[in-house]
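The values are calculated or read from the model by the stated rules, or taken from the named source; none is laboratory data. Because the structure is a prediction, the values reported are computed rather than measured. Methodologically, a virtual Cβ is constructed for each residue, glycine included, from the backbone with ideal geometry; neighbour enumeration extends over all protein chains shown. In case anyone asks, the SASA skips ligands and DNA or RNA and just uses the protein heavy atoms, side chains included. Shrake-Rupley method; radii C 1.70, N 1.55, O 1.52, S 1.80 Å.
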Amino acid sequence: NAGVTQTPKFRILKIGQSMTLQCTQDMNHNYMYWYRQDPGMGLKLIYYSVGAGITDKGEVPNGYNVSRSTTEDFPLRLELAAPSQTSVYFCASSYYNEQFFGPGTRLTVL
Amino acid sequence: DQQVKQNSPSLSVQEGRISILNCDYTNSMFDYFLWYKKYPAEGPTFLISISSIKDKNEDGRFTVFLNKSAKHLSLHIVPSQPGDSAVYFCAASEYGTNAGKSTFGDGTTLTVKP
């Protein structure tokens, strides 16, 4: 049982580039989430999904897109990267309230 | 407006003593509360939770207390150990259509000194 896995662990992007952060869970959870954590701050919800084919915006969705074609995968797409998107990104999944987190992706936009 | 607040960014305690981490919330629709622990370069891990129908939940050295009238919860760690040094996040969620989604506080960094 790998839990929640995220790739890549680290990435440096140039302004205007695009990339996809991958997230996979093997716990058959219906709920999945993407958060960002800025230094000294809490976790801000970007997007979430309550099941395959269903996604919704969280607190800070601008500049991001998601898709959920399978129960296991929930990729996060960054289009036209900006310095303000420099952060640590966490993917999580849950059966209900208790969330299981991946190890995070540290993204720097220069 | 921040709905979940952890007003102490950091806390330092001596090994063996009690650590008390506090959390306040403003949304009266929150009815389930969780604490997560986070080590550097790792994702948060679930620690303990409490439903609004209870005022206390205990798991080993960890106890969470909920005061609904004050919209306040606290996490007690007794006795504190150096391995407890981490960032602790308080989170709150609602049942119903928002089930599963949680709102997080900014975290409290706990340092337990040997």
*Measuring with a 1.4 Å probe in the full set of protein chains, what accessible area per residue, in whole Å², belongs to chain A?*
48
*Using a basic spin-label model with each label point 7 Å from the Cα along Cα→Cβ, how many nm lie between residue A:20 and residue B:18?*
5.2
_Surface share of carbon and sulfur [accessible, 1.4 angstrom probe, percent] for chain B_ = 49
_Hz values of 3J(HN,Hα) by residue in the range A:47-55 - Karplus curve (6.51, -1.76, 1.60), Gly and Pro given as x_ = 9, 9, 9, 9, x, 4, x, 10, 9
*Apply 1/(1 + (r/R0)^6) to the Cβ-Cβ distance of residue A:79 and residue A:52, taking R0 = 22 Å, and write down the FRET efficiency to the nearest 0.05.*
0.45
*Might you list the cysteines of the protein assembly as shown that have no disulfide-compatible partner by the rule of another cysteine's Cβ under 4.7 Å?*
none
*Protein-protein interface of the range A:19-60, residues with accessible area decrease of at least 50 Å², isolated chain reference, 1.4 Å probe*: A:43
*Can you give the accessible area of residue B:13 in Å² (nearest 10), computed on protein heavy atoms with a 1.4 Å probe?*
20
*Could you sort the residues of the range A:75-110 by number and keep only those whose accessible area is reduced by 40 Å² or more in the all-protein-chain setting relative to the chain alone, 1.4 Å probe?*
A:96, A:97, A:98, A:99, A:101
*Kindly count the pairs of lysines across the range B:4-113 whose alpha carbons are less than 19 Å apart, treating pairs on different chains or eight or more residues apart as eligible.*
15
*How much accessible area is lost when chains B and A come together, counting both sides, with a 1.4 Å probe, in Å² rounded to the nearest 100?*
1600
*asked:* I'd like the accessible area for residue B:25: 1.4 Å probe, protein heavy atoms, all chains in place, Å² to the nearest 10.
replied: 20
*Quick one: accessible area per residue over the range B:4-113, 1.4 Å probe, rounded to a whole number of Å²?*
45
*Quick one: which residues, 5+ away or cross-chain, put their amide H under 5 Å from the amide H of residue A:17? H built at 1.01 Å from N.*
A:81
